[in-house]
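Here's the structure, in structure tokens; my notes come after.
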Amino acid sequence: MFERSAYLKKLEAFKNSPLIKVLCGIRRAGKSSILLMHRDALINSGVPSEKISHISFENLEYLNIKNERQFAKLVKDILNKKGNGNRKSRHKHYFLFDEIQNVDKWERVINGLLANGNVDIYLTGSNSKLLSSELSTHIAGRFVKIFVSPLSFSEALFFKKERGIKLKNTFDEFDDYLKKGGFPIIHAGDYSLEQIDNIVSDIYSSIVLKDIIERYKIRNTELLNRVVKFIFDNIGNIFSAKSVSDYLKSEKRKLDIETIYFYMSMLESVFAIRKAERYDVRGKSILKTQEKYYLGDHSLLFAVNGRKLSHISGILENIVYNELIRKGYDAYIGKNNDREIDFVAKKNNKTLYLQVAMHLDSKSTIEREFGVFKGINDNHPKIVLSLDRDFGENQNGIEQKFLPDFLLELS
């Protein structure tokens, strides 16, 4: 396992606080590995191993723990061991529960465990809808969420270094990342693109089968997969449920708008997609129409819809969007009168206006990409990102940056 220090620092910052630490994110993003790394960090800090209980509800040992009663018995048995339930003990008991959503009514047990007063609790889960509803109902105000993404470009480079691989130039390394995506398993070994697509296809299948079809009793799996294919094929485009419906009609399939939105919410809940709302730059307000959706990792697109050159612009946007989210920004689609800005990113008092292009290789492209910022007269950075290393001078205060460098420098 390669250390993912950004997440470990967040866990360390909240260690021994009266808050439940919740690691959430798409399957195979690395939540379980981060939890194990934190366990090792606890031991290295002097916590006795017998004071740490790491329980994965996807391991054979705990597959029989399915409901509140069974879960409560497991926790009681642990606490009844000598010293574990003693409030005067020098060490808290550390509970690390992996894929908690597999247990029905788990939140009632966690709520009771929290009342024990001498415990520190960490959870992971791959379904935001279940986590949010159950945490807010029973543990409101007593938890902190830490969103775990697949590897960033920077982390992918770190993994290579840890494996003793000599890095090439930034452009070639980014091209490699673009082709492979960010799931950690891909960067832990040497795989061909065909093997990578098969691995990610299996990840996608487990997401859809375990977290959507089985949990929500979806009957028409063929229609669900067709909706997914359409959504994935249109990353970076304005979403319209009607366009999905029309697409299905063209294939002699029928699905009502309400069901399409239900499928979308399910895909969001398992972090397969994320919604970017539209922000009116002039009116400084969030709009409730014409949003876009981006993938939890761009490699899902290759696994589901194949590798097409026509996808490249949307993939570049997807990579930038996910990096903004990783770094704690709220990322919106910008509306500047009749112009569209790819991203308006906000964090604390910081705002970035970003336009993403593959290459600035013609006068019309340059005018279009730089022109979207026309009339925005505030002092916040306005940046056109592209794969051009040596574009030239900035224009009218608008910067041009080499996209891979931007990803590595963003803070």
Exercise. Of everything in the stretch 1-43 that's in contact with a Phe, Trp or Tyr (Cβ under 8 Å, 6 or more places away or on another chain) and of a type in the set (V, I, T), which residue is farthest from L113 (Cα to Cα)?
Worked result: I26
Seminar exercise, completed: Considering residues that are in contact (Cβ under 8 Å) with a residue 60 or more places away in the chain and either touching a His at 6+ places or on another chain (Cβ under 9 Å) or outside any loop (DSSP other than H, G, I, E, B) (or both), the number found within the stretch 371-405 is 6
Exercise. Going through the stretch 259-276 one residue at a time, which ones are modelled with pLDDT under 95 and either over 18 Å from D211 (Cβ atoms) or among the hydroxyl-bearing types (S, T, Y) (or both)?
Worked result: T259, I260, Y261, Y263, S265, S269
For this session: Taking the residues in the stretch 341-373 that are closer than 23 Å to L309 by Cα and acidic (D, E) as candidates, determine which candidate is surrounded by the most Cβ atoms within 10 Å (Cβ to Cβ).
Result: D342
Exercise. Counting only residues that are touching a Leu at 6+ places or on another chain (Cβ under 7 Å) and charged (D, E, K, R), which one in the stretch 307-340 is surrounded by the most Cβ atoms within 10 Å (Cβ to Cβ)?
Worked result: E323
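Just checking, does the stretch 164-175 include any residue being surrounded by 18 or more Cβ atoms within 10 Å (Cβ to Cβ), assigned by TED's automatic domain parsing to the domain that holds N322 and basic (K, R)? Write out each step before concluding.
Restricting attention to the stretch 164-175, the residues satisfying the condition of being surrounded by 18 or more Cβ atoms within 10 Å (Cβ to Cβ) are 174.
Filter once more, keeping what is assigned by TED's automatic domain parsing to the domain that holds N322: 174.
Now drop any that are not basic (K, R), which leaves none.
Scanning the stretch 164-175, I find no residue that is surrounded by 18 or more Cβ atoms within 10 Å (Cβ to Cβ), assigned by TED's automatic domain parsing to the domain that holds N322 and basic (K, R), so the answer is no.
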Exercise. How many of the residues in the stretch 44-66 are surrounded by fewer than 18 Cβ atoms within 10 Å (Cβ to Cβ), touching a helix residue (DSSP H, G or I) at 6+ places or on another chain (Cβ under 9 Å), closer than 24 Å to R28 by Cα and of a type in the set (S, T, N, Q)?
Worked result: 1
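The values are calculated or read from the model by the stated rules, or taken from the named source; none is laboratory data. Just so we're clear, the structure is a prediction, and the values are computed from it rather than from any experiment. Because the Cβ atoms are built from the backbone with ideal geometry, glycine has one as well, and the counts that use them run over all protein chains shown.
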